[in-house]
Amino acid sequence: MSYILSKENFAKIGEFIYRKSGIYLEADKHYDKIAKYVDKRAKELEIDNFRKYFFALRFDDSDGIEFQELMNAVTVNETYFFREKDQFEVLANHILPNLHKKLPASKPIRILSAPCSTGEEPYSIILHIVEEGKVVEERDIEVVGIDIDSTVIEKANKASYTERSVHAIPPVTLSNWFTKKKFGYEIGEDLHGSVDFQVANVFDKQQMRKLGKFDVIFSRNMLIYFDDASRKEVAMTFYDMLNPGGYVLLGHAEYMSRIVSVFNAQKVNNCLIYQK
Ligand SMILES: C[S@@+](CC[C@H](N)C(=O)[O-])C[C@H]1O[C@@H](n2cnc3c(N)ncnc32)[C@H](O)[C@@H]1O
């Protein structure tokens, strides 16, 4: 099979993707996926060679559509409810009560899920908060979910999930907060809309600044797609976005100590949490 993206030009588009999104693609593993995408997109745009496609992507994309389409094609969006659930328990039973004690009563606690993919992570945060019950009765809690991929944010806003996606939710929680549909489940009315979902790129400083300051940032299973320089840049962006005393939680295979040394690491119930 021959593609309009040659192996030599893969390096060019790979460098572009890396520079814009931090996602580091290796020719050995990703050439076929990207080449198939470029062929499909070029056909849609009635373009017959890579040079014209790459020009359109870099210099003729004032509305950002080409970049968005490319991002939607390269990201890996695997997620499910209650994934690495010990961290949600540490949030509900340790982090939130600590923040609640410390912060002025009128101040909402703000939590960011970056990246949130199709929404299972921020909704798992909400489910733990409402089931824990105490803090949420006394204080406003805002949960924001962001992802670079616009298709996952569209799905997150619909809040319809497959059986596979909800498999780790305890049956009582599932029946309390979800509505059974013909195929899968939907977040029930009480919680639908409780997460503010937005398309945003963690490398876009302006977009990050607009989100405001947070008390907790969940950033799980994204840094694994980046190289060390990009991980460092994102870690420092999160540092700037946190209020003093705020927390970061990473995926189980990701370690802040290998990236930057500005956070204090603590182990709570076997979970590593990082505090500003
Ligand atoms: C494997 S999912 C992780 C979802 C969830 N945090 C979890 O752990 O289940 C990784 C997500 O990172 C997103 N992503 C990759 N690069 C990004 C960037 N530069 N800015 C924002 N999101 C990004 C992808 O679109 C994808 O949905």
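The values are calculated or read from the model by the stated rules, or taken from the named source; none is laboratory data. Fair warning: this is a prediction, and the values are worked out from it, not measured in the lab. As a convention, Cβ positions derive from the backbone with ideal geometry for all residues, glycine included, and neighbour counts pool all protein chains shown. Each accessible area value is taken on the protein alone, full model and side chains, heavy atoms only, with ligands, DNA and RNA left out. Shrake-Rupley method; radii C 1.70, N 1.55, O 1.52, S 1.80 Å.
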Original post:
Per residue Cα convex hull volume for the range 22-119, in cubic angstrom?
Top reply: 172 Å³
Original post:
Relative to the first principal axis of the alpha-carbon coordinates of the chain, what is the inclination of helix 27-44, with its axis defined by its Cα atoms, in degrees from 0 to 90 and to the nearest 10?
Top reply: 70 degrees
Original post:
In terms of the Cα gyration tensor, with a ≥ b ≥ c the square roots of its eigenvalues, is the range 107-150 rounded because a/c is under 1.5, prolate because a/b exceeds b/c, or oblate?
Top reply: oblate
Subject >> Alpha-carbon spread of the chain, three principal axes, descending order, Å >> reply: 60, 49, 32
Subject >> Rounded to 10°, Cα long-axis angle of helix 65-74 versus longest principal axis of the chain >> reply: 70 degrees
**OP:** Would you please give the FRET efficiency between D204 and K182, computed as 1/(1 + (r/R0)^6) with r the Cβ-Cβ distance and R0 = 41 Å, to the nearest 0.05?
**Re:** 0.60
**OP:** Once you have a ≥ b ≥ c as the square roots of the Cα gyration tensor eigenvalues for the range 6-70, tell me rounded if a/c is under 1.5, and otherwise prolate or oblate according to whether a/b is larger than b/c.
**Re:** oblate
Original post:
Out of residues 5 or more away from F214 or on other chains, whose amide H comes under 5 Å of its own, with H placed 1.01 Å from N in the peptide plane?
Top reply: L242, N243
Original post:
Looking only at the range 92-133, which residues have a backbone nitrogen under 19 Å from a spot 7 Å from the Cα of H167 in the C-beta direction?
Top reply: 118-121, 124
**OP:** Percent of Cα-Cα pairs per 5 Å bin, from 0 to the last occupied bin, for the range 101-228, please list those.
**Re:** 2, 10, 19, 21, 20, 14, 10, 4, 1, 0
**OP:** Return the single residue from E137, E66, E186 with maximal mean-square fluctuation; model: Gaussian network over the chain, springs between Cα atoms under 10 Å.
**Re:** E137
Subject >> Per-selection Rg to Rh, the range 175-276 - Cα, Kirkwood hydrodynamic radius >> reply: 1.05
**OP:** Round to the nearest 10 and give me the degree value, 0 to 90, for the angle of helix 228-241's Cα axis relative to the longest principal axis of the chain.
**Re:** 40 degrees
Subject >> Mean accessible surface per residue for the chain, computed with a 1.4 Å probe while every protein chain stays in place, in Å² >> reply: 51 Å²
Original post:
What is the antiparallel percent of DSSP beta bridges lying wholly in the chain, to the nearest 5?
Top reply: 40 percent
Original post:
What shape does the range 222-276 have by the C-alpha gyration tensor, where a ≥ b ≥ c are the square roots of the eigenvalues, rounded means a/c under 1.5, and otherwise prolate means a/b greater than b/c and oblate the rest?
Top reply: oblate
Subject >> Accessible area of S113 in the full protein assembly, 1.4 Å probe (Å², nearest 10) >> reply: 0 Å²
Original post:
Taking only the alpha-carbon atoms of the range 159-222, what semi-axes of the equivalent ellipsoid follow from 5 times the gyration tensor eigenvalues under a square root, in whole Å, largest first?
Top reply: 30, 13, 12
